Amino acid sequence: MSDEEKRRLRSQAWFEGRGARNFANRGWVRSRGVPMDHFDGRPVIGICNTWSELTPCNSHFRDLALHVREGILEAGGVPMEFPVISPGEMLTRPTAMLLRNLCSMDVEETLRATPLDGVVLLMGCDKTTPALLMGAASVNLPTIGVSGGPMLNGSFRGKSFGIKDAWNLAADLRAGRAVNEDFEEAEGCLTRSVGVCNVMGTASTMASMVEALGVGLPDNASIPAVDARRRVLARMAGRRIVDMVREELRLDKVLTREAFENAIAVNAAIGGSTNAVIHLTAVARRMEVPLDIEDWHRVGRDVPTLLNLQPSGRYLMQDFHEAGGLPVILRDMCESGLLHGDALTVTGRTLAKNNAGAVCWNPDVIHSVAKPFMATSGVAILRGNLCPNGAVIKPSAAEPRLLTHRGRAVVFENQDDLSRRVDDPDLEIDADSVMVLRNCGPKGFPGMPELGMLPIPAKLLKQGVTDMVRISDARMSGTSFGAVVLHVSPEAAVGGALAVVRDGDLIELDVEARRLELLVSEQELQQRLAAWTPPAAAATRGYVRLYVDTVNQAHDGCDLQFLAGRSGSDVPAAQH
């Protein structure tokens, strides 16, 4: 490596030179058994690891990091693995979303404070992917993402079994059509290996977004977690990041406006999670790329759903990979003019070139643009007096009859109220009612939990009702489904119209017209809002207080207001 190339490396500010400070920096690293020639100007690569036993989806990342490390060494780099907090979806309370921004801060400050020239992001469970991308975007080093991969297909009583099937079984249990023994047997049949959910939930959606954005290598989205090809991908990512440093291929050359438009279109094509709206908005704003909720309407509206995968379809993630994976969809969309095929990726090649040779091996799993699985796209943006700043719905996961609907509101004040009353046999509700849940937004909960797929009341389940219109300022899991309107903005806790909906009010949903309206007069609505009293403060101390005081609304990505934008990778002053 030439002297000029060495001077470009941030790590040289720590390791090059004969002074006492550089002596100490090298010495302490050598205590791990690192040889002296590792300080000769080789790129120092961080392996940002969200491994945690408290995040089961990421519990195989110790092994995955070893393969990244081998690739870095093979390419002539110096690997430096470091941990950040790991907000796991299943075990973190009150919601992992509360900690997404904190994790992003952990990533950002670690990258800037330490002698790293590039970074490999190991991410899996839902919030770890956007958190790591957000933190890395603010620093803007050469960056490559490696997702952990989905778990194997579930298998229950001779049939494939995914999380949507588990939700349906839970509904059968509440309706009296299943017994506890059924549920207990299914428990071990669903999660047969490490990895993220085996459907197109938020984790696999965001892994797909990593690939569609060009931040991950081809096949990043779908290789199962326990497949040896996932380890090969990790190793190749380790090799590639070293060359990215040498090429000065920083994140801002990949995460362009065109890349985000590609991600929006791909999310529609795969029937991706509604959570992607919030996460991609937050990442874009860290990258200082203009992106707002209307872009989802403009870019994604006319993109058909191509993937027959739960929760919108039938198959599971393992089937998706065996059918050819995301490269098949990317190739077809590029050739159909639905993507910016010339967008640069971390391979150094364009998105179109990366995926030109992809072949579909099962057209029942991966449909084509010419013959799509569904005409409806994955996410629709709604506007109206109930959501002047927007709300989202996933038409591909709803019963079509409910996409145009007018019904009487049945209002639940918060999560506790919902839990207490939803199965009350005396609850005044029928199949045409519109269930409304409030005070579950970013500030109101706080953290915006995945409560948006309100459970259908048991008495209606017994009548055979399988879907209802449900509206909230919450999110829902990417594994969830139904005619569920989410992310109502502004939320109830800050005085949005959702705060003053009353039992019996008529609400009209028209997804085709992209409209959601509370059918009361403007005068009546303003009178109600004027009489509304804000709730008491949701937090008094610590990070939660910081979150509540500074979090943006859903349409702005739910980031902390002071974190938007880039602060760069300038080397901080030494402390000794």
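Which residue is farthest from residue 82 (Cα to Cα), if the candidates are limited to segment 3-56 and must be of a type in the set (A, V, I, L, M, F, W, C) and assigned to a loop (DSSP other than H, G, I, E, B)?
Once the filter is applied, the top-ranked residue is 9.
Just one of 239, 230, 235, 246 is surrounded by 24 or more Cβ atoms within 10 Å (Cβ to Cβ), among the charged types (D, E, K, R) and part of a helix (DSSP H, G or I); which is it?
After ruling out the rest, the residue left standing is 230.
Among residues belonging to segment 387-410 that are in contact with a Gly (Cβ under 9 Å, 6 or more places away or on another chain), hydrophobic (A, V, I, L, M, F, W, C) and modelled with pLDDT of 95 or more, point out the one that is surrounded by the fewest Cβ atoms within 10 Å (Cβ to Cβ).
Only one residue fits best here, namely 409.
So which residues in segment 477-490 are touching a Gly at 6+ places or on another chain (Cβ under 9 Å) and modelled with pLDDT of 95 or more, if there are any at all?
484, 485, 486, 487, 488, 489, 490
Among the residues of segment 76-95, is any loosely packed, with under 13 Cβ neighbours inside 10 Å and not in a loop (DSSP other than H, G, I, E, B)?
No: zero hits.
So which residues in segment 532-545 are of a type in the set (A, V, I, L, M, F, W, C) and either in contact with a helix residue (DSSP H, G or I) (Cβ under 9 Å, 6 or more places away or on another chain) or open to solvent by less than 50 Å² (accessible area, probe 1.4 Å) (or both), if there are any at all?
532, 537, 538, 539, 544 - these are the residues of segment 532-545 that are of a type in the set (A, V, I, L, M, F, W, C) and either in contact with a helix residue (DSSP H, G or I) (Cβ under 9 Å, 6 or more places away or on another chain) or open to solvent by less than 50 Å² (accessible area, probe 1.4 Å) (or both).
Take the conditions touching an Asp or Glu at 6+ places or on another chain (Cβ under 6 Å), of a type outside the set (Val, Ile, Thr) and farther than 21 Å from residue 255 by Cα and apply them to residue 357. Does it pass?
no
Residue by residue through segment 12-51, note down the ones that are at positive phi and either in contact with a helix residue (DSSP H, G or I) (Cβ under 6 Å, 6 or more places away or on another chain) or open to solvent by 40 Å² or more (accessible area, probe 1.4 Å) (or both).
Matches in segment 12-51: 33, 41.
Of everything in segment 363-378 that's modelled with pLDDT under 95 and open to solvent by 10 Å² or more (accessible area, probe 1.4 Å), which residue is nearest to the chain's Cα centre (by Cα)?
So, considering only residues that are modelled with pLDDT under 95 and open to solvent by 10 Å² or more (accessible area, probe 1.4 Å), the one nearest to the chain's Cα centre (by Cα) is 376.
What are the residue pairs meeting all of these: first residue in segment 520-545, first residue free of Cβ contacts under 8 Å to residues at least 60 places away in the same chain, second residue of a type in the set (Lys, Arg) and open to solvent by 80 Å² or more (accessible area, probe 1.4 Å), Cβ atoms under 9 Å, and 6 or more apart or on different chains?
From residues that are free of Cβ contacts under 8 Å to residues at least 60 places away in the same chain, the pairs are 520/502; 528/502; 537/545.
Quick one: would you say residue 307 is touching a strand residue (DSSP E or B) at 6+ places or on another chain (Cβ under 7 Å), within 24 Å of residue 104 (Cα to Cα) and either crowded, with 24+ Cβ neighbours inside 10 Å or among the polar types (S, T, N, Q) (or both)?
no
Of everything in segment 532-576, what is part of a helix (DSSP H, G or I) and farther than 29 Å from residue 116 by Cβ? Give them in sequence order.
Listed by number, the residues that qualify are 544, 545, 548, 549, 554, 555, 556.
With respect to residue 336, is the statement that it is of a type in the set (S, T, N, Q), out of contact with any Asp or Glu (no Cβ under 9 Å at 6 or more places or on another chain) and either open to solvent by less than 20 Å² (accessible area, probe 1.4 Å) or at pLDDT 95 or above (or both) true?
For residue 336, the condition - of a type in the set (S, T, N, Q), out of contact with any Asp or Glu (no Cβ under 9 Å at 6 or more places or on another chain) and either open to solvent by less than 20 Å² (accessible area, probe 1.4 Å) or at pLDDT 95 or above (or both) - is met.
Is it fair to say residue 353 is basic (Lys, Arg), open to solvent by 60 Å² or more (accessible area, probe 1.4 Å) and within 22 Å of residue 200 (Cα to Cα)?
So residue 353 fails the test.
Return the total of residues in segment 250-290 being open to solvent by 10 Å² or more (accessible area, probe 1.4 Å) and either under 12 Å from the mean Cα position of the chain (by Cα) or farther than 22 Å from residue 332 by Cα (or both).
Summing the residues that are open to solvent by 10 Å² or more (accessible area, probe 1.4 Å) and either under 12 Å from the mean Cα position of the chain (by Cα) or farther than 22 Å from residue 332 by Cα (or both) in segment 250-290 gives 7.
The values are calculated or read from the model by the stated rules, or taken from the named source; none is laboratory data. What you see is a predicted model, and the numbers here were worked out from it, not measured in a lab. Because the Cβ atoms are built from the backbone with ideal geometry, glycine has one as well, and the counts that use them run over all protein chains shown. To get the accessible areas, we keep the full protein, side chains included, count just its heavy atoms, and leave off ligands, DNA and RNA. Shrake-Rupley method; radii C 1.70, N 1.55, O 1.52, S 1.80 Å.
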